[in-house]
Each structure stands twice: as structure tokens, then as C-alpha cells.
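Structure, as C-alpha cells:
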């Protein structure tokens, strides 16, 4: 019989499992989780097939030159109405393809626990495609700046994140220039296609504020507006390579890989700056790197991250003892995320707390398809399903990412949409799962409530039985 | 869609002993006990109040807003004047018409009682109704509902896929959003409800409320653009036995860069807001005269343009009341001025109106929530913040 512990391993730490996988997990639930905490040696196939970061950037410039050519032949005012629409239309296929790749990876991966960590950290440091200019950026960001570090050092992830073109573009840092920098005095020439967008003349504090508030120490760590402004000054000049012409770009940067970070000294605000009572002497890129190092090691960062991790994997209101334990491991290991995750898995709380978390819509869909082996969703259907449930992948509304509490997701409309989807999926799966009651037993075993078991057994058709299992608390929660 | 009649309802909630704690236990009579309707529109991201309601008559306006100041009234793309000091963004033409009819009341230099410039803390304060982020878990709209006569279960509705803090709490509320998925059949719904009733109170409550909303919903194929959502909200509020209070969200107001572009993010949002007001009025029909809409955002933005032709997180900003029940046609402001010495931290519009005073005034004079309830339950740490009087038109 499948045990409670095996169900916890599969649901709380993974994306659900097929009957065959459940047999394997049942043999050693905790061991099954722990075996997945190693860094991966190769990208999963669906992700390896996606365009490179360089190619995503080239796509932008290809669009820009096409747009410029169109602009010559159309009235300028008419073009102004559609600059963002035009861009989104051109780049949307990349977004759609990447959403499918993320979904396929989660459904097929032999290491779903690792994948859950990728999703967690990708949401912590979110780049949201809801901002038109960022629509195609989140996938390469997740692959370059998140994936390699989920069981590595937090400070490495932080540096990779803040230096990634996607983050620099999303939170406006590519446009932020020091008020006393060379570029402020002598602005560079800009592509004529960008004429509609005014040239930057000074500071934009968006990225600096969110690094403090959302990425590291958290909003209560005692910084103020002066700290935000100083930190924003420090990271002026943190930009990306900005090619003017795709051909020249490709020729120039062949072989540099996907690291497109570029410290532009001409845009950097000169002078020493003070952030959270520490003065950082005048300098170049190392001035900002020093701040990131200090933030990664700040006491508040450990607590902030431990709380989020425990909330995600255990309970909306995570047990204080567990948070303290994870924060201590974080501090003792200089932010070793592998060690922190291992401590989480080795703690008693995740294995004892009732499964009170509500799966987020994307998790709900991934676990459905992973568990039942279907239904096959075309990219448009996948996106439509998730859109209906309020979670277009890579597109949370703000830089704080998706909410991680059921108070947000467990709404009347949210539950109703899942039921609508469950019924539709039941019809699609009925042919391959003729006996849903046996299937439910094979996946949930001891964890199945009497009410769910009885309802599925009495279902009027396999399709209805599958819908009942998908909508049941055992499946909705983790 | 399957008809949702009283018999089905009884069958549904009768499925288990959990009925005693289910919200449907409040079923008594229709919501006809009150005529008043309140719709709250939360603009997320921080609307630039000085772009929406430019203080074009302030002697410092043009210099303080250098680079993003709107042209004066009469010029191309110029401010739509309201009085000698304030105007509306040229994209808010319907708002200007409402103002002329006395049905729009812009509020300026207003803010929540939190001045920390974080979106998320400021939104939380805007929604939870206290002065401290995360101090209360429930929202002020929901707590206000607990004072109203119990109706048919759902006095409040959120037009969204998720439940924002402002509507969370003990009062029975539902939510609804357009769907392209097929409706589930009644038999399957009832079997699922039976599982929830036995095994999961929260899921059960959510499903009961969802079914209430679906029994009333009219046009689920209308799309999810803001004006369509406003039309849907109007449909629910116009229903004699429907909710009396509704919530809609709009996002994308965080304009750090290039905010003055025609058809840029800010312009598109303002146009949608403008179109939404009319879509709502049309859907409300005769109930428009009983309706107050409160449009609010978590903070205003910096007075000066930043280095990227946008504005950063600020403090004081603009809000709107509109609707047939609003005593409008004037601007509510205790104007602090745009001279740099008058700004908060020399960067933000200084807030002179606590938005809780506006909320209190609307709850007291429109929904007739008792003062004691407002002071102790809805805004428990708001001593000294008086309800703003005369926001509501005398009937």
C-alpha cells in the first residue's frame, strides 16, 4: 500500500507521480527526495532546444529593424499606437514555446524535486513577461541565472541574476545612468527606431529597491530611501551588450556565450556611496559586487529566504522552529542552498504537517498531466488553461512573483475553474484510465479520504471518476 | 448553464453536517435590504496622480514636472481643465463628462497611512485598512460587510481569478471571472461538493460561493479587458438579489520609464479606466444612481521625472469617486503645492488626505455602516482620522 510519507514526497516535494513511480517512491520516500538535490549535468531536452540568450537579444534587434522599415512607410502617429503590440506579436512565439518547454520539462523530468526548486527560485527572483519589453526574457533568465545555482551558493545566484540582461531590462537598470556620469553629459547616439522613446538622463531606482526588498534582506531590514538611492547609483552602468545591427553583433560576440553583461563605466555614477551604514569606495563594477556580497551574507537575508522556502514547501504559516533551523544552516554554510534544502528535507515538519498548501495552477496542471500521462495539451490549450486559472507562466503581475498562500489562490472562481478543467480532462483521459478507483489507490493509497474514495467508486463513468480525483482535496493540495 | 434554484441549493448544502458552518447558513432574504452599491477599483503599481489629475494651475507645475508636464488646456494633448488648479489627463474624456454632470469627485494629495514606497506593503495597507503592513489578515471591504444586514449569502464579489486581501475575511463573498472552459455539469459539481463538505471546509465554502456567482452571471464570453470586467461588475451589482459591493483590480501602473508615450502603458491604462466607467454605468442602468465607485492606488509617484522619462515610487497621489450617488463636480484636496520645499523628502507630493477618511466617509454615508463598527472593526487603529463628510449626494 502507498504510504502517507510516499504521497508527501511525491506531492509536497515533487509534481505528483504515476502509479509506477509511486511504487519506487514508496520504498524510500525521503531518499527519493534527497537523491534529486545534486546539480544537473545537462539541460533537460525541452530546454536545450530553446534559443540562446544571445538569440533572444538578436530577435529584439531584428524586430527593431523591421519595425523601423515599417515606420518609414506608415504614418508616424499610427506606428506609435502599436510599438508595444508590434513587439509582443513578434516575440510571442518565443514565449509560447518556452512555456511549453517549461511544462514539458516538469512533466517528464526524472528529478521533479530539482525542478520544483527551479520554479521556486525563478519566482523569488522573478522576471515577468507581463511587461511587454520582457515578454521573451524569462526563459533564458531561468536557464542561465537560476537553474545552475538552485543547489549552489545563494551569492552566486544573486550575482548571476543581477547581471542577467533579462533582470537588467525588466527592472529598468539598462536605462539608469549616473547623474554625474559621462553619458549624462554627452549622451550617446541612439538607433533612430528608438526616437519615440526619450533618451535616459539619470537614475532609475527600480532594480536597487527590489534587490533589497524582494531579493535579499526584505523590507523590514532597516534601509531607507537614501540607501535605495545610493545603491541605485552604485549599479548605474550595469548594462548589457547593446548591438546596433544583428550581423555586426553576431560577428563581434561569437564565442562569448550567453554572458551579455557589460559594465559601462561611461554611465556609472562616480564616487563613494553608503548603503545600510557601510561606505563603498568609488569604483567600477566591483563597487556593486561588494554590495551584493554583503546583502547575500546579511542576517536578514537568511531569515527572509528561510521563511519563503519553508512557506513554499511546508505551510502558509511555516513553523518557526523550521525557519530558524533553515536560517541557521544558511548562515553557517555561507548561503549554501543545497545544504539548506537538505536541512528542509531532513526536518520532521514537512513530513508531519497536514497537506494544507493549495497547489498553484501551474503545479496543478503539471501534476495532472504527470500523474495521468495526459491529456496532451497543445501550446495554445496549455496557455488558455493556465490563463483561465489566473497563472500565465512567467507572467506574475509584479516583481514580487506569484503569491505563495492559499488565501490568494483558494478563491471561488479559482476553484471553479479547476473543476471546469478537471471535467474536461476527465473526458480526455477516460479512454486510458478505465478504472479511476484503482488508479486513485495506486497514486494516493493511505492518503485517500473515505469521502474521495467512495465518490470515485460510485462515479457514473470513468470520465467523472477522473474529474472527481482531479478536483479532490488530495489532488488539489500538497 | 444549469439553473441554480433553491432546491439544488438545499440539496448541495444538505450533503453534510458541515452545513452549520457553511456561509449558506446565513441564507435569509435577498440583499434588497439596502439599495446602495459600492465598487472599489484597485489600481496596482502606483498610478501617477499628477499625470491623471495634473495640477496645471500650480505655479510650479511646469518646472516640477519638466519633461512630463502636460500642455495647458486648449493646446493639442492638453489638460482637460476642472477648475483653475486641477485638470484631468486628456485620455480621461469620459471622466471629464462625469465631472461636468457632478458625478466625479477627484481626490488629490491623498495616500494610505504608510509612506515607505514599497508597492507590496503599500498595497497591503490599502487593502487591510490598518496603518501597518500585514497587521490585519482580512480586508476592510470584507469587514465593512459584516455590519450589513445578511442577504442571500454573498454581499460582496471580486471580479478576479484570485482573492485579494481587501475582500478576505469572515463575511461571505464570492468571486467570478470570465471563462472559456465549458461549464461543469450539475451532477459532477454536486459530487465534488459532497467530497469537499466531508473533507475540506475551505474548498467547500469556495465552491458554494462560486455556484452563487454562476447562478447570476450573464455574459461569461465577454472577454477580460478592463471595460468588459467593469460591465460584468455592473451586471452583478444591478441584480436585485445580487451583491452590493464589488471589487475590480487593474495592474500595470508602475511607470518607471517612458510614461508619456501616447498609447504607452499609462495612456492605455487611463483610456481603459475611462472606457470602464461608461461600461459600468451602462450595465448598472437604474442602479447607477445608487452607486459609488472608489478608484484608488497604493501610492503616487515622484513629482519630478526620473532619469528614464518615467517616475519612481512616491507618496501622495490621486484617487477618484464617481457614480450617480457621488457629490462630485469638485476636487477634494488640501493642496500642499509643488514647490520643492513643500514636497515630502523633497521628492514626493506631500499627502494631506488619509485615504481612510475617504473610505470611512463612503462606508458611513453610503452603505450606512455604523460609526462604532467603522472605528473598531473596519479601521481599528485609525483614531483621529475623521470620515470625510459630504462625499455622497443628498437624496
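The values are calculated or read from the model by the stated rules, or taken from the named source; none is laboratory data. Note that the structure is predicted; figures quoted are calculated from it, not measured. Note: ideal-geometry Cβ built from the backbone for every residue, glycine included; neighbour counts use all protein chains shown.
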Practice problem: Please determine, by comparing only the residues of the stretch B:206-226 that are in contact (Cβ under 8 Å) with a residue 40 or more places away in the chain and touching a strand residue (DSSP E or B) at 6+ places or on another chain (Cβ under 8 Å), which one is farthest from the other protein chains (Cβ to nearest Cβ). | Solution: B:226
Exercise. Hey, can you tell me all the residues within the stretch B:85-119 that are without any contact (Cβ under 8 Å) to a residue 24 or more places away in the chain and within 18 Å of residue B:348 (Cα to Cα)?
Key: B:114, B:116
Quiz item: Can you find even one residue in the stretch A:331-354 that is within 14 Å of chain B (Cβ to nearest Cβ) and over 30 Å from residue B:45 (Cα atoms)?
Solution: yes
Quiz item: Looking at residue A:446, is it out of contact with any strand residue (DSSP E or B) (no Cβ under 8 Å at 6 or more places or on another chain), under 30 Å from residue A:206 (Cα atoms) and surrounded by fewer than 19 Cβ atoms within 10 Å (Cβ to Cβ)?
Solution: no
Self-check item: Every residue from the stretch A:129-147 that is more than 14 Å from chain B (Cβ to nearest Cβ) and not in a helix (DSSP H, G or I)
Solution: A:136, A:137
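Pick from the stretch B:240-273 the residues that are more than 21 Å from residue B:310 (Cβ to Cβ) and surrounded by fewer than 21 Cβ atoms within 10 Å (Cβ to Cβ): which of them is modelled with the highest pLDDT? Quick ask: steps written out before the conclusion?
Keep residues of the stretch B:240-273 that are more than 21 Å from residue B:310 (Cβ to Cβ), which gives B:240-249.
If we keep only those that are surrounded by fewer than 21 Cβ atoms within 10 Å (Cβ to Cβ) as well, we get B:240-241, B:249.
On the way: B:240: 89, B:241: 87, B:249: 95.
Taking the candidates together, the pick is B:249.
What tally of residues in the stretch B:356-384 results from selecting those that are touching a residue at least 40 places away in the same chain (Cβ under 8 Å) and either within 14 Å of chain A (Cβ to nearest Cβ) or touching a helix residue (DSSP H, G or I) at 6+ places or on another chain (Cβ under 7 Å) (or both)? Steps first, answer last, please.
Going residue by residue through the stretch B:356-384, those that are touching a residue at least 40 places away in the same chain (Cβ under 8 Å) are B:356, B:358-359, B:362-363, B:366-370, B:373-374, B:377-382.
Then drop every residue that is not either within 14 Å of chain A (Cβ to nearest Cβ) or touching a helix residue (DSSP H, G or I) at 6+ places or on another chain (Cβ under 7 Å) (or both), which leaves B:359, B:363, B:367, B:369, B:374, B:377-379, B:382.
Number of matching residues: 9.
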Practice problem: Just give me the residues in the stretch B:157-185 being closer than 26 Å to residue A:381 by Cβ and touching a residue at least 60 places away in the same chain (Cβ under 8 Å), in sequence order. | Solution: B:159, B:160, B:176, B:183, B:185
Quiz item: On the given criteria, is residue A:416 assigned to a helix (DSSP H, G or I), free of Cβ contacts under 8 Å to residues at least 12 places away in the same chain, under 26 Å from the mean Cα position of the chain (by Cα) and surrounded by fewer than 24 Cβ atoms within 10 Å (Cβ to Cβ)?
Solution: no
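Would you confirm whether or not the stretch B:190-205 contains a residue that is outside any helix (DSSP H, G or I), touching a residue at least 40 places away in the same chain (Cβ under 8 Å) and more than 9 Å from every other protein chain (Cβ to nearest Cβ)?
The answer is no; no qualifying residue exists.
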Self-check item: Among residues of the stretch B:308-326, those that are under 18 Å from residue B:53 (Cβ atoms) and surrounded by fewer than 24 Cβ atoms within 10 Å (Cβ to Cβ), counted
Solution: 1
Quiz item: Would a scan of the stretch B:148-168 turn up a residue that is within 16 Å of residue B:379 (Cβ to Cβ) and more than 10 Å from chain A (Cβ to nearest Cβ)?
Solution: yes
Quiz item: Within the stretch B:128-135, is even one residue within 26 Å of residue A:386 (Cα to Cα), within 11 Å of chain A (Cβ to nearest Cβ) and either in contact (Cβ under 8 Å) with a residue 40 or more places away in the chain or assigned to a loop (DSSP other than H, G, I, E, B) (or both)?
Solution: no
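Tell me which helices (runs of 4 or more DSSP H) are completely within the stretch A:164-247 and hold 2 or more residues being at the interface with chain B (Cβ under 9 Å from one of its Cβ atoms), at pLDDT 90 or above and under 17 Å from residue B:306 (Cα atoms), or say none if there are none. Can you show your working first?
Working: elements: A:165-170, A:182-185, A:206-210, A:225-234.
Of the helices (runs of 4 or more DSSP H) lying wholly inside the stretch A:164-247, those with at least 2 residues that are at the interface with chain B (Cβ under 9 Å from one of its Cβ atoms), at pLDDT 90 or above and under 17 Å from residue B:306 (Cα atoms) span A:206-210, A:225-234.
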Exercise. With respect to residue A:461, determine if the residue is over 27 Å from residue B:167 (Cβ atoms), surrounded by fewer than 19 Cβ atoms within 10 Å (Cβ to Cβ) and facing chain B (nearest Cβ under 7 Å).
Key: no
Exercise. For residue A:439, indicate whether it is over 30 Å from residue B:212 (Cβ atoms) and either modelled with pLDDT of 95 or more or within 14 Å of chain B (Cβ to nearest Cβ) (or both).
Key: yes
Self-check item: Counted residues, the stretch B:227-269 - those being away from chain A (no Cβ under 12 Å), under 30 Å from residue A:172 (Cα atoms) and part of a strand (DSSP E or B)
Solution: 1
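Out of A:406, A:391, I need the residue that is under 21 Å from residue A:307 (Cα atoms) and facing chain B (nearest Cβ under 9 Å). Which one? Give the steps one after another, and end with the answer.
Values: A:391 fails: under 21 Å from residue A:307 (Cα atoms).
Exactly one of A:406, A:391 is under 21 Å from residue A:307 (Cα atoms) and facing chain B (nearest Cβ under 9 Å), namely A:406.
Surrounded by fewer than 23 Cβ atoms within 10 Å (Cβ to Cβ) and under 22 Å from residue B:223 (Cα atoms), is that true of residue B:160? Talk me through it step by step, then tell me what you get.
On the way: surrounded by fewer than 23 Cβ atoms within 10 Å (Cβ to Cβ): yes; under 22 Å from residue B:223 (Cα atoms): yes.
Yes, satisfied.
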Quiz item: Is there any pair linking a residue in the stretch A:436-465 that is part of a loop (DSSP other than H, G, I, E, B) to one that is surrounded by 21 or more Cβ atoms within 10 Å (Cβ to Cβ), with Cβ under 7 Å and at least six apart or on different chains, and which?
Solution: A:448/A:440; A:448/A:474; A:449/A:474; A:459/A:436; A:459/A:465; A:459/A:468
